[in-house]
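The structure under discussion appears below in the form of structure tokens.
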Ligand code: PAF
């Protein structure tokens, strides 16, 4: 197992499978690394650990974001990763910290989703992921469906920039009771954690309704225990655009939620089926 901070110390400079992370690894990351190892076919599996300042706004949790490099390295090794790459801020942003990414993929800007609440966020994600892609030059990169809008943003960015990198997605890993794995779950007290379960309940409650309005109302009803709901909506899973209230059966639907529970802003999403889809 190698831990490298300099890109020129990576064992193979191009063609590996990259798993970008901000560290504080949990079982969700383990699934990403295991998947990367399963498809690697001899390519190195590089897990990057970089707490990316450009995706945090002032006042967000950059300073208290959990850091556990020693444990991350052990978990990477156990999951079949070959290298942990921990670039410094200087390596990532040699000309200083930029605040914009252009062209920002259109899917980053969908009304009412992340951009409406964290306008800096996808600029930061694209800045970090593009830079990691340039440094590591992977042939494939693995992302979790837990950050569903991020997954679509990265796919669109790769397409816009004609980068020859396969973007591979892995389903969300959940605790036994349904809570989606997240590094931010560790901010939750016992009672907040039980309120957080309402996100999973809400995603399930959206199923089997006749219309989008009914399904979104069912989600809001389930979300009563959380402190604030940023969004709880159903969108076209391919574009994240809003859909008709009674969409054609052929339209794939995704329910997406962001909610504040105590000190943690949590997101989750799931495929949804209405009565006719
Ligand atoms: O999903 C994350 O952990 C981050 O947004 C990512 C993709 C590593 C970019 O900093």
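When the square roots of the Cα gyration tensor eigenvalues are ordered a ≥ b ≥ c, the ratio a/c for the chain is 1.5 or more and a/b exceeds b/c, which makes its shape prolate. When only alpha carbons are used to place a centre, the range 191-219 and the range 253-277 end up 7 Å from one another. Taking the fewest neighbouring Cβ atoms within 10 Å as the starting point, the ordered list for 191, 198 is 191, 198. The label-point distance for residue 176 and residue 271, in a model that sets each label 7 Å from Cα toward Cβ, rounds to 2.6 nm.
Cβ crowding within 10 Å, taken as a proxy for footprinting-reagent exposure, orders 101, 85 from fewest neighbours to most as 101, 85. Cβ crowding within 10 Å, taken as a proxy for footprinting-reagent exposure, orders 248, 222, 175 from fewest neighbours to most as 248, 175, 222.
Measuring between their Cα centroids, the range 138-175 and the range 38-56 lie 12 Å from each other. Overall form of the range 46-99: oblate. Here a/c, set by the Cα gyration tensor axes a ≥ b ≥ c, is 1.5 or more, and a/b is not larger than b/c.
Between rounded, prolate and oblate, where does the range 71-111 land on the alpha carbon gyration tensor, with a ≥ b ≥ c its root eigenvalues, rounded for a/c under 1.5, else prolate if a/b exceeds b/c?
Judged from the Cα gyration tensor, the range 71-111 comes out oblate (a/c at least 1.5, b/c at or above a/b).
Estimated from the Cβ-Cβ distance and a Förster radius of 35 angstrom, the FRET efficiency linking residue 166 and residue 210 is about 0.35. Where in the range 1-45 does the amide nitrogen come within less than 15 Å of the point 7 Å from the Cα of residue 77, taken along Cα to Cβ? The answer is 1-4, whose backbone nitrogens lie closer than 15 Å to the label point.
Counted over the chain, the DSSP beta bridges are approximately 50% antiparallel. Between helix 148-160 and the chain there is an angle of about 60 degrees, using the helix long axis and the longest principal axis of the Cα atoms. Could you state the angle between the C-alpha long axis of helix 27-40 and the longest principal axis of the C-alpha atoms of the chain, as a value from 0 to 90 degrees rounded to the nearest 10? It works out to around 60 degrees.
Of all beta bridges that DSSP places with both ends in the range 126-277, some 80 percent have antiparallel geometry. Compared with the dominant principal axis of the Cα atoms in the chain, helix 121-136 is inclined by about 30°.
Comparing mean-square fluctuations of 177, 115, 72 from a GNM of the chain with C-alpha springs under 10 Å, the top value falls on 177.
Read-outs: derived from the displayed coordinates by stated rules, not from any lab. The structure displayed is predicted, hence computed values, not measured ones. A quick note on method: Cβ atoms are made from the backbone with ideal geometry, for glycine too, and the neighbour counts reach across all protein chains shown.
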